[in-house]
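Okay, so here's the structure we're looking at.
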Amino acid sequence: MAYVDGFVLPMPKKSLPAYRRMARSAGKIWREHGALEFRECVGEDLSVKMGMPFPKQLKIKPGETVVFSWIMYKSRTHRDRVNKKVMADPRMAKLMGPDAMPFDDKRMLYGGFETIVKL
């Protein structure tokens with residue numbers, strides 16, 4: 001079954017255009033190196049009553065929203081191979097530098113997930 005890297009991050013709304021450009025470039029690199037799917041989604045309905053809403057968990061500040069993203073791979077082994085190539089790609093250094101991030105990466109949530117149900 002597929003393996004997924006998932007990300008949830010706080011995003012200043014004014015930085016969304018810059019983030020979209022960065023994500024498009026990064027997504028092309030991930031896909032070139034073998035990722036099966038690359039998705040970036042911006043919060044639209046975040047005032048939910050059930051569970052812990054993303055904005056509360058991330059301590060969203062005025063003027064911020066939430067970005068939810070994932071990258072899909074064949075397996076964890078495949079993910080590790082792809083990510084090794086991606087991180088060695090010189091184009092990523094330009095995209096991932098400390099001054100290049102249009103969000104507070106210290107507040108980003110991240111994890112690798114094994115698929116347990118696929119319908």
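The values are calculated or read from the model by the stated rules, or taken from the named source; none is laboratory data. This one's a predicted model, so the numbers in the text were calculated from it and none came from an experiment. Backbone-built Cβ (ideal geometry, glycine too); neighbour counts: all protein chains shown.
Would the stretch 39-62 turn up any residue that is assigned to a strand (DSSP E or B) and among the β-branched types (Val, Ile, Thr)?
So far as the stretch 39-62 goes, yes, one or more of its residues are assigned to a strand (DSSP E or B) and among the β-branched types (Val, Ile, Thr).
Could you list, in sequence order, the residues of the stretch 87-118 that are among the hydroxyl-bearing types (Ser, Thr, Tyr) and surrounded by fewer than 11 Cβ atoms within 10 Å (Cβ to Cβ)?
Passing the criteria: none in range.
Just give me the residues in the stretch 14-38 being over 13 Å from residue 103 (Cα atoms), assigned to a helix (DSSP H, G or I) and among the aliphatic types (A, V, I, L, M), in sequence order.
26, 29
So in the stretch 1-58, with the set limited to residues that are under 30 Å from residue 90 (Cβ atoms) and among the basic types (Lys, Arg), which one is nearest to the chain's Cα centre (by Cα)?
This residue is 39.
With respect to residue 59, determine if the residue is modelled with pLDDT under 90 and loosely packed, with under 13 Cβ neighbours inside 10 Å.
No.
Does residue 65 meet the test of being touching a residue at least 60 places away in the same chain (Cβ under 8 Å) and of a type in the set (Ser, Thr, Tyr)?
no
Which of the residues spanning the stretch 64-99 are assigned to a loop (DSSP other than H, G, I, E, B), small (Gly, Ala, Ser) and out of contact with any strand residue (DSSP E or B) (no Cβ under 6 Å at 6 or more places or on another chain)?
The one that is assigned to a loop (DSSP other than H, G, I, E, B), small (Gly, Ala, Ser) and out of contact with any strand residue (DSSP E or B) (no Cβ under 6 Å at 6 or more places or on another chain): 97.
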